[in-house]
Structures are given as structure tokens and as C-alpha cells.
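Structure first, commentary second.
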Amino acid sequence: MQQHLQELANIARGIHGIHWLSQSGAMGLAIVDLRSYRWLKTMIFTVEEINQDPILLPNVTLGYLVADTCLAEGTTLSAALTLVTGQEETVSGAECNGAPMVPVIIGDARSSASIVVADTLGVFDIPMVSYFASCACLSDSRRFHSFMRTVPSDAFQAKAMARLLRLLDWTWVGVVAGDDEYGKSGSQLLLKELEGTGVCVDYVEVIPKSHSHSRIRRIVERIQSSTAHVVVTFAIGPDLEVVFKEMEVQNVTNRQWIATEAWSTSIQYSVPASIPLLAGTIGFALRRADIQGLGAFLAQLSPVKQPNEAFVKDVWEEIFGCSLAQDWQPSSKTPKCTGSENVEKHGRIYTDVSQLRVTYNVYKAVYAIANAIHNMMTCQPGRGLFEDGECPDVTRIKPRQLLHYLNAVNFTTPVGELVYFEDNGEPSASYDIMNWHVDKSGAVNFVQVGQFDAAKGPGQELNINLEKVIWGGGWADQPAPWNCMLRHTLFGVSFVICIACVLSKTVVVLVAFRATLPGSNLMQYFGPIQQRAGIFLCTLVQVVICLLWLLLAPPLPTESAGSELGARVILQCTVGSVVGVNLRSYRWLKTMIFTVEEINQDPALLPNVTLGYLVADSCLAEGTTLSAALALVTGQEETMSGAECSGAPLVPVIIGDARSSASIVVADTLGVFDIPMVSYFASCACLSDSRRFHSFLRTVPSDVFQAKAMARLLRLLDWTWVGVVAGDDEYGKSGVQLLLKELENAGICVDYLEFIPKSYSQSRIRRIVERIQSSTAIVVVTFAIVPDIKVLLKEVVVQNVTNKQWIATEAWSTSILFFDPAIRSLLSGTIGFALRRADIKGLGSFLAQLSPVKQPNEPFVKDVWEEIFGCSLAQDWQPLSKIPKCTGLENVEKYGRIYTDVSQLRVTYNVYKAVYAIANAIHNMMACQPGRGLFEDGECPDVTQIKPQQLLHYLNAVNFTTPVVFIGRPAPWNCMLRHTLFGVSFVICIACVLSKTVVVLVAFRATLPGSNLMQYFGPIQQRVGIFICTLVQVVICLFWLLLAPPLPTESAGAELGARVILQCTVGSVVGFVLVLGYIGLLAVVCFLLAFFARKLPDNFNEAQFITFSMLIFCAVWIAFVPAYISSPGKYTVAVEVFAILASSYGLLLCIFTPKCYIILLKPEKNTKKNMIAR
């Protein structure tokens, strides 16, 4: 029994990123990651510790296999598949031989790699325990049901970061994230947590995986130019290393860095020159532990004693910077290693056991597996975890059985910590808050200044000792208790002094007039000494109040436990989903079949070749999609279209999936084998990464262009205050990131960002709609697929949200048939972006051939028919059933709903193009002439058996068409009237005032003896003058409209990026200047005449009022000129409206207010006698 158990228990299989590729040169250089190697050695140490434990696994010896991922998703997946398929035949331990059994994987450290591996292994229920993959996306227990981890989800870390920023009153920050799942998911969670907390984000920068120097330089320039002194990071060490190097070059010193657990206690990725720049960094770190004996175990490393052990040579050379090469030459720049160097003393981060955090997670992961096996072996019949209390077969451990016991594990580590997994494979969340203390020599001490423990509940999770914190650069004053105390007290005392002085002055003025009465001696009590005494007494009262405040309850840096900062991460169990038929997707499937048959009937495209096809239903789930794809490419599906085909099919290419998230999973897996995949609707920009998805092609444009188009549309329509709603998948998350970046560049503000959960939790959906309804943003921009939008809009109908302008993506902009009539009425006026439309000849009649009578055995026909007509084709149908019985003869062409609707063939056309692209690629392969092929030396492919790799090359050579989006134009008439009507009306107004001024001035000159001036300024002459003044403006406007009218014109504003904007321009600048100049000329003349007449006698004189009105008028329009020139878009209109209203009201109020005052309040002065009185 003992020997048998030793053979079965080769359990632990670790995948670690020991090497990573440096992008510093033209070719990648493999570099050893000492931190990752320490994690690997920790796994080995833990396995050996368990093997020596007589209690935990008696008579069992654990074994292990190790694979190097090189920090690449493809390598990680290959390594994992190699382990689980038994291709690796070497096992640690001389007693083991043969292909190993691998029931569990430990790793990977990175979230993006873990997603790829977990997606693949999950199909086979092989458990995977990660020690550092913290992406919140991995918490999806439906998609990653076999994934567990000993590191908390980033959902908690994002929450902790938001709490810290709010506590320290840092409300203006920047965010830098990595271009991977860890960075993208983490930054999204952080932005969501910051929403509603009063913390604003100045910029969000993403570090590209290519580490392009120009991009890195631009990111650092953005950090340096920003007024945000706090920089929050969500990236792994290698990504931040290149940023820190560029920071040192640009000497960016005045920043306060916030670190995640990825680098908060590691200086490995910080060059020595950049360490002083990072002094004062505050970071979140995983729980620290001391593992007894690990330091001595790590110090046993020796290339002399372990000459054949993997990685030892590379690690030794990396630690000591020397060479162990046998062909070493004395002329080499690298010194020769002796092999006896002191690794314990000079081992750098490899032997540093002072910060065992991720290392401790590796330790826990191995112990979790060992305890799960222990529970399996000690299972008593009737008390097992399986049906009827059945126990597992321990003679051959199966991954699915081990997965059950791993989920149920509950144990205490030798360190003393209780370890267990939540329902979704998550551990409890706890972080240490670390602070970088850098001494004069440049050494870094990681000092714990606080802790975040999610188990303590809202308001109690975060604790920090501010007195122990050393702050980073960028702060004029360090956050400390004294500035909290002075903030309100200094303000209170200074303002009391100011108000007391004004009060004293007021009292003196008041008393001075009372003191003029005979016998009054009041002024003796209000002399200079008494005034100062009064000011002192008033101030003294405030000082006493402030002193009592500071003594009894001083204002100090304290965490506020407001409800808006409470627990935000809610984990709920959902009831799953209800199976239904997607008629739109079925139309795409039938279109593929139609296109295949059309090509088979084409004598020119593929002569003597008949294309076949296989179909698999993904059920809108990533796991199902991957299973279906693997079944197709591995030959597990043996049924093909066409009676002439038999046997396991050759599948050189996959068409699909429609969804971005599923396409990522499948493309990641198929890319390892160079199997091409052509998608017709997966538009996520992340799929444009040709390094990661080198075998992925698509006939739909990337969301990069759609995000740009949305931002330009919003800027064109001057909608600068919007809300954004996205789906909680790759399509939604990636699209929103792109959109937010474009909106930031366009000067458009986002009021809220909401994600529609895949669980369709009613409470979450209700809260999202309430947020939309309560927002002042009328425009709602969406980035979600139809099922997500449909759930949201149903709640919109319930809450009767009618006053919103919806902006749709191509995912649902032309899918109105999906929605109920009640929803359609609310969507009136929706603006959306749609893919290029096409008419496919013959498709409509092909779709109408659907018949359950004629096609009884065709997959999906029965379900589709029942979905279309709402009836049942079940053979056991009963008359009492609520659903009527189908006859099978219903008119599908007339009542086929969205299935037979060929008026909007957009995605359908992309399916059509995808099939034709593959057919043309095969055609080009068959037509290849020797010496002119796409391969080395012009070699042509073997067309007798098409290989996926060869087809991929020819697919890449096929041209694809990008759709064009058209936008309507505004009408010309309102552009012409905008300035001309304003110009003429204002001239009439100013001409009337000018006429009035001239009359007032001449009236007093006419009082001289013998003067007959008034005969030239009668009513008729005044009207003629007004008419002539107006006529001049009318002539100017007519010439303007005839020669160069203001019309909707295409313009490319620099602040709007490279885009075409349709705006009402002035047409002729000369005409615009003449219109405004003529108004200004009349106003100046009127002002001068009124100024000369301001001292004329009699109360009848109105020149004073006209002078003030013209003064206001001229001031407004002088200020208008620079404001108009510097105000684009809607601000131009706002400036014009303000100028018109301000000048108009200035004229009315200054001229007519005095008259109204006399008429209404002083009627006794409204007489001729009073008017002519001097």
C-alpha cells in the first residue's frame, strides 16, 4: 500500500514565470526573475516539509513537476497542457517513472495567464490554485469553476485604495495601469469605487506591453505635466520598471505613489537611481509570515552540488553577474563564476525572507492541496462529499474529485493562520499598508503603517497610523494633525478680526452723526482706543471658542465611516439562466450555410471543391464556447454536412464567436496551435493584439474606431455631460476604456459609469436605472450587447425613464425587433452606430425555407420554430397546455420576426464576408504557382490536406472592407440668420437711442435766440435717420449673404482631434467684422454725444441715463471680442447670448428704470414744473 500511494501522489504541478523577455534590444533577451524562482523553491520546500510530516500524509510522498512560462500567455498554456496531457515524463523523485498523473496545477502568478489556463483546464474540471493572480474577473465561479487562489481579489484592493484616498483627502489623482487583465480589471474596479466619493481622476494611462519608448515617454510627460500629485498604479513589476527608468530620465520627483500588492514590497523592478524618487510610496501588501527553515533551504543553492537541476545555472549567473559557461574566455566582459560564492550573504531578493508575502501564498497553496488529499484519504463511507456520502477512489486521484475536496478544505497552517475558500474559491481579504522609508544610502525599509481587513465590516476595515508615515514628493505641507487644527481655527479668527474692523467703522460713522446734536458727548466713547478695544474683545471671544474646541474635541485626521464609503463588494449567488433561442444568431448560422452552398455552386471560385461545415452551439458561455471549439479541432465531432463525407473532420479554421469575451478564450487556445479563427462580431480592441492573437482575424472593425466616432459625435452635438453604461464583459470593459480616453481628449465629462452585471441581479439593475434617472446628464452612451441592454431597458420601462437621449453601439443599434413595444417607445430618437449594410441576393428566400416538417432532423429547427410562433411541437402536447400546438405549416416568411428580416443585413453581411474570405484564401492556395507562394523560397501549400498554419497565412493576405458611418448635416437657413438678424435688430435699437440723444442735445442748443435747429430734427427726420442707419446695415448683410454667407461648413478643430466637424461658420470674416464694427461705431457716436450732453440743465435731461447705458453696451461688446474668439463650440453661442442679453438689459434698465421709478414711486415729481426746474 505504501509503495502504491507513493506512485499516485505526484500531485503538485507548478507553472512559474522564471524567465521573462527584455525589450531593450532588437531581439528579446531572457532574464531570470529571482522573485519567481524563490516562489518555485518555496513550493519545493513545502512539498518536502509535508513529506516529512508523519501526521498530514502518512505513507504518501508528494511529487512535483515545474514548467517555465516566460511571462507569456501562449507559453503558460502550452506548459499547462503539457503537464495535464502527460507529455512531460520526468518527475521529481527517483522512485517515480512513466507519464505523470496531474490532478492539480499551482500557478500562474499573473492574472492574464491564469485566465487562459483556467479557461482551458476548467473544461476538464482540473483544479488550479494560483498564489498571485488577483484579477477580480477570476471570481466568476461560473466561468472559472475549477479556479481557486490564496490571494484576495482585486475588488477588495480597489476598495481599500479608494478608502485610503478618501481618508487622506486626496481628491485629485492620476491612474497608471498595465495593458493586461490585472491592470485593466483593477483600474476599472478602482474607478468604480472612486465614483461618488469626491475623488476625481485627472488621467488614466495604460503601459503598453511592447514597452514602446515613445509611449512610455508620453506617459511620464503626462504624469509630470498633471496637477495631480498622487499617482495610483495597477500594474505588474516589469511594466512599472520601464516607467520608473523614464521617470529618472525626466527627473519626476514631486509625486506620491500608491502601489498595489504587485510591487509594494519589492524593489526588484526599481533601478537604484529611481528609488529616491519613490521614497514615501504607500502600498498595499499581502499578509506577511515567517516560514521556519525556508531561509536555510534557499541558501543551499549551489551549481556545484546541483549541476543538473533546472534553472540553477541561470539563477547563479543572475545573482552574481558572472558566467558559468564552459567556453568562458578571459577576454569576456562578464567575470567567471567559481560556484562557491556566498549566496546566503549576496543572494539579493532570492534569499530575502524578510517580506514573505506572495511566498507565503505559495506555501498555503501547497498545504491546501495536501489537506484536500488528506481529507480524501480519511473519508469514511457515508460521509463523503459526493452523492449518498460516497468517498473518492484514492488509488487514482481524479481532478474532479480533488476539486470538490479543495473547495471544502479548512485547516490551520504551521504558521498559525486559518485557511479556507469561500463559495467562489476566494480567501478572506486582508492587506498590510506599507510605507517606503528610504535612508541616505538609498536603502529601502518597508514599514507597516496600517492594515485593511475586509472581515471587520464597513467603517472598520481601514486603520492607519499617520504619525509613522513618511510622505512622498509633491506636498507643500505634510498631512499632519496640526494643519487639521489650524484649518478652521485660523480661518475663524482671521475672519472675526476682519468683520470686527468693519463693524467698528460702521458704528463710528453712525455715532458721528448722532453726536452733532447739541450737548451730545457720544464720541468720547468711540475714540481710537475704544475702537481697538472693541475689535480685541470680539476677536477674544472667537479665540476662546477655538481654544475650547481644540482642547475638548480637536479636528484630527480621522477616517469617516460615511455610508457612501461603506462595503461596496457584494457577492451573491444567482439562479443561473433560462435557456432561450437567439433568432438573430440563428440567422447568422443559416447565412453561413447559405454562403457555403452559394460558393459550392460557383464554378469559378472553387472548382471541383465542395466546402463542408460543422456547427456548435456556444450557449453564450465562454466554457461552452471553448469546449465546442476544442471538440471541432480535435475531431471529437464526427458528423459533417454532406453524405459524401465521413470520419473525423479536418477543421482548419473556425468562424465565430460573435462575442468578444468568448473569442478571447478560444483565440488564446487555438493560437497555440496556429489554428485561424475569423470572427464576424467580436469587436473588442484587445483582440487587435497581433502578438497574443496572431491567428485571429475579423470582418468587423475594432471598437477603437467606434469609440472615436462616439466621442466625435458627442463633441459635434455639444453634448459635454453624459452618462455611460457598459456590459460587464470584455466588449463592455474594453470599449468603455477606449471611450473614456477619447472623451477626455474631447473635453466631454462623464457623470457616471455603470456596469450591467452578468448575473442580471434585479437590485443592481434597479440601482443602475435609478442612477440614470437621477442624473442631470440627458445623454446615455451604451457599450453592451443586446441581452444586457434588454434587461436594463425593461427596468427603464418600469421606472418610466423617458427624458434620455440614448447612444447605441453596433451591438444593438439596428436590433429593435429584440425589444418589446413599451421599450421601443422610450428609445425614440436613439442615435446609433451600425456596421455597413448590404443586400444578399437569395438569402431571404433561403431563410424562408425553414420547416420542421421538411427538416425534422436538422438541429435547432424545432426550438427556432417554437420561439418564432410561441407554440409547441412536442409530441406529448396536451390540449390543457397553456402553449398552443404548432402545425408546422405556419407562415415563417410573413411572421418570422427578426429571423427573416433581411432589411438590416449588417452583422449577417460580416458572416457572409468571413466565409468568402476563407473560400478566397483556399482558392489562392489552390492557384499558387511554384516559386510564388507565401512561404519560404516561394513554396506552395499542400492542397490535398489543408493545414491551419498554411490557411492562416493566406487568410492574412485577403483584403477586408471597413464600414463607413455617415452623419447628417444641419440646415443652412439658421446659420444665415444667426448674425444678420442680430446685426440688423441691434442697429435699429442703437439708431433709436442715437436719435434720442441728438434730439436732447439739439433741444438745448435750440433755446438760443434766433435758433431754428429743431426744424431739422422733427419726428419725420428722426425716423428717416433711423431708417438710413438701418439701411446701411441691411446692405452690409445682403452683400455678406450674397458673397460669402455663413453656412454649415466642415472644419477640423485641433482641440477635437483629426475629425470633420459641421459647424455654422461666419463665412466672410470681413462681413462679420463690418456688421459688428458698424454696431460699435453707432454705439461710440451715441456714447460721445450723450457724454457731451450729460451736464445740460433741467431734470428733463436724459443724456446721463443714455451715457450709462452706452457705457455698459460698449463694455459688454469690447469684452465680447476676445471671449468669442477663444470660445469654441457651445461656448461661442453662450458668449453671444450673454452679450446680447447683457447689452439689451443694460439699455433698457439704464434708460427706463429712472422713468419707472418716478412714475410708480414718486408720482408727485411727474409734472412739467418739476421737469423744467433747475
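The values are calculated or read from the model by the stated rules, or taken from the named source; none is laboratory data. Predicted model only: the values in this text are computed from it and were never measured. Neighbour counts are summed over all protein chains in view; Cβ atoms, including those assigned to glycine, are modelled from backbone coordinates with ideal geometry.
Table: residues versus (1) under 28 Å from Tyr360 (Cβ atoms); (2) not in a loop (DSSP other than H, G, I, E, B).
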site	(1), (2)
Asp388	no, yes
Cys391	no, no
Val394	no, no
Glu426	yes, no
- Out of all the residues in the range 712-730, which are among the small types (Gly, Ala, Ser) and modelled with pLDDT of 90 or more? Gly723, Ala726
- Note on the structure: When every residue in the range 164-183 that is of a type outside the set (A, V, I, L, M) and surrounded by 24 or more Cβ atoms within 10 Å (Cβ to Cβ) is compared, the one nearest to the chain's Cα centre (by Cα) is Gly183
- Query: So which of Leu277, Leu286 ends up being buried (at least 20 other Cβ atoms within 10 Å of the Cβ) and under 26 Å from Tyr131 (Cα atoms)?
  - Reply: Leu286
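For the condition loosely packed, with under 14 Cβ neighbours inside 10 Å, in contact with a helix residue (DSSP H, G or I) (Cβ under 9 Å, 6 or more places away or on another chain), assigned by TED's automatic domain parsing to the domain that holds Leu57 and at pLDDT below 85, what is the one hit in Gly382, Gly389? Can you show your working first?
Working: Gly389 fails: in contact with a helix residue (DSSP H, G or I) (Cβ under 9 Å, 6 or more places away or on another chain).
Testing whether each residue is loosely packed, with under 14 Cβ neighbours inside 10 Å, in contact with a helix residue (DSSP H, G or I) (Cβ under 9 Å, 6 or more places away or on another chain), assigned by TED's automatic domain parsing to the domain that holds Leu57 and at pLDDT below 85 leaves just Gly382.
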- Out of all the residues in the range 870-886, which are out of contact with any Gly (no Cβ under 8 Å at 6 or more places or on another chain), of a type outside the set (Gly, Ala, Ser) and at pLDDT below 85? Gln875, Asp876, Trp877, Gln878, Pro879, Leu880, Lys882
- Which of the following residues is modelled with pLDDT of 85 or more, under 13 Å from Val252 (Cα atoms), of a type in the set (D, E, K, R) and in a helix (DSSP H, G or I): Glu221, Glu193? Glu221
- Task: Being part of a loop (DSSP other than H, G, I, E, B) and closer than 15 Å to Asn582 by Cβ is the filter here, so list the residues in the range 851-901 that pass it.
- Result: Pro859, Phe860, Gly896, Thr900, Asp901
- Item | Subset tally (residues that are at pLDDT below 75 and either outside the structural domain of Phe986 (by TED's automatic domain parsing) or aliphatic (A, V, I, L, M) (or both)) for the range 1003-1042 | 5
- Query: Would a scan of the range 192-213 turn up a residue that is hydrophobic (A, V, I, L, M, F, W, C), closer than 29 Å to Glu422 by Cα, crowded, with 20+ Cβ neighbours inside 10 Å and in contact (Cβ under 8 Å) with a residue 40 or more places away in the chain?
  - Reply: no
- So Asp477 clears everything in (1) within 30 Å of Asp169 (Cα to Cα); (2) modelled with pLDDT of 70 or more except one condition, right? Which one? (2)
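Quick check: anything in the range 1071-1079 surrounded by fewer than 17 Cβ atoms within 10 Å (Cβ to Cβ) and modelled with pLDDT of 65 or more?
yes
Regarding Tyr182, is this residue in contact with a Lys or Arg (Cβ under 6 Å, 6 or more places away or on another chain) and of a type in the set (Phe, Trp, Tyr)? Write out each step before concluding.
Working: in contact with a Lys or Arg (Cβ under 6 Å, 6 or more places away or on another chain): no; of a type in the set (Phe, Trp, Tyr): yes.
No; evaluated as a whole, the condition is false for this residue.
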- Message: Of the conditions (1) assigned to a loop (DSSP other than H, G, I, E, B); (2) under 26 Å from Glu193 (Cβ atoms), Trp257 satisfies every one except a single condition; which number is it?
- Response: (1)
- Message: If Asn308 meets every condition in (1) at pLDDT below 85; (2) under 22 Å from Leu40 (Cβ atoms); (3) touching a strand residue (DSSP E or B) at 6+ places or on another chain (Cβ under 6 Å) apart from one, which number is that one?
- Response: (3)
- In the set Arg692, Arg712, the lone residue that is assigned to a helix (DSSP H, G or I) and among the charged types (D, E, K, R) is Arg712
- Message: Need the failing condition index for Lys440 against (1) touching a residue at least 60 places away in the same chain (Cβ under 8 Å); (2) more than 28 Å from the chain's Cα centre (by Cα); (3) assigned to a loop (DSSP other than H, G, I, E, B), just the number.
- Response: (1)
